[in-house]
Amino acid sequence: MHRYEFHEIAALFPMMDDKKLAELAESIASQGLLMPVVLFGGKILDGRNRYLACQQAGVEPRFVNFEGDNPWEYVWSTNAERRHLTDGQKYLIWLKKNELSTEWEAKRRFIRDEANLKRSEATRGQPRSEDGTRLVSGGGTDSTATCGGHPSRQLKAEASKTNRGAVAKGDVLYTKRPDLAEKVIAGAVSMEAALREVKNEEVVRQLEDIKGREAKQACGVYDAIVIDPPWPMTKIDRDVRPNQTAFDYPVMSIQELEGLKIPAAGNCHVWLWTTHKYMKMAFHLLEVWGLRYVCTFVWHKPGGFQPYGLPQYNCEFALYARKGSPKFIDITEFFTCFSAARGRHSEKPLSFYETVQRVTGGRRLDMFSRRKIEGFDGWGNES
């Protein structure tokens, strides 16, 4: 069996997945090929899946040559309705078809016009620009492609057989991230997920803007802050260290913590670590600091302190609060409850900091830091 290449125009529509292709092969094996494969310029214009299914089924495909005027419109008209596509996919394919079809028509007209020029005595001696294109009256180059204005969303929706919502979303994605538009067309990501990524990138650009970052550094404010206060408590005597009654780091009184100036930018994410004992005080501090509580992150630990007659305290809490209206740049695999191994006393899991770094942009601060964390400025005696 002669192997045919796929024409670039055929790539407008995504291929079937392996399961559907196998089902098509079974159908062809039992019923034969009902629709022939269409060729254009010796390549497959329409029927890529039928062609591959025939190979799987061991059936010799039938071919016909395309004889229409515009192969782009042909592929669109024969596939737009019979494929299982979302409105987002369909509209992006329609946009791509229009763009590539316009380029193809312009190139075809240029070649035709050049051929006519050579045959026309009347055009002999007409000047050309340095790149070889023909000059028209007025000194400009010959412009062959025009979109005929900017049609409304409703007209686009009718032409693409979709809806105005798909048009609005598709126009944004196709303009800002054509590479993501290709993934939507292929079914690799949804339109919503692609637009979230675009929005997240815009947030990151705003947060990482050089001038904005320099201004924040000058006034010492941050876009994301993790606070692990040295709560005013003492260690309980242990048999292993009977003489130790204080922590290995200085603690602060409630009044001192209330007087802290939190270096938060106008829009800032804040995580405040606390234990069961200081949960109520932690909420109080958020209010004193002018932060708005949103939710609580729970660190599930393998084991923990167990007071006499009470359950084991095998978790700690990070109260998440906001100043202003900050945006997360990534919310995939982002949970309020997580498990992580215990480290040194009062040391918080590195995986927590990695999550904060992944979901936030801009400048980050680790207040009362116990160690240097990549992606964070440190503030505290121990760091």
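What to note about this one:
- In the set (1) at pLDDT 90 or above; (2) in the same structural domain as E374 (by TED's automatic domain parsing), N163 fails one condition alone, (2).
- With respect to the conditions (1) at negative phi; (2) under 32 Å from the mean Cα position of the chain (by Cα), G375 falls short on a single one, namely (1).
- Scope the range 330-367; condition of a type in the set (S, T, Y) and on the phi < 0 side of the Ramachandran plot; matching residues: T332, T336, S339, S351, Y353, T355, T360
- All conditions in (1) surrounded by fewer than 13 Cβ atoms within 10 Å (Cβ to Cβ); (2) at pLDDT below 75 hold for Y249, with the sole exception of (1).
- When the strands (runs of 3 or more DSSP E) confined to the range 298-383 are screened for residues that are surrounded by fewer than 17 Cβ atoms within 10 Å (Cβ to Cβ), touching a residue at least 40 places away in the same chain (Cβ under 8 Å) and of a type in the set (K, R), none reaches at least 3 such residues.
- Some residue of the range 33-43 being under 33 Å from the mean Cα position of the chain (by Cα) and touching a residue at least 12 places away in the same chain (Cβ under 8 Å): no
- Identification of strands (runs of 3 or more DSSP E) wholly contained in the range 1-80 with 1 or more residues that are closer than 25 Å to Y91 by Cβ and of a type in the set (D, E, K, R) yields 43-46.
- Top-ranked residue of the range 327-375 - restricted to ones that are hydroxyl-bearing (S, T, Y) and touching an Asp or Glu at 6+ places or on another chain (Cβ under 9 Å), ranked as nearest to R213 (Cα to Cα): T360
- Filter result for A10 (in contact with a helix residue (DSSP H, G or I) (Cβ under 7 Å, 6 or more places away or on another chain), modelled with pLDDT of 90 or more and among the small types (G, A, S)): no
The values are calculated or read from the model by the stated rules, or taken from the named source; none is laboratory data. Source: prediction; values computed, not measured. We place every Cβ from the backbone using ideal geometry, glycine too, and count neighbours over all the protein chains shown.
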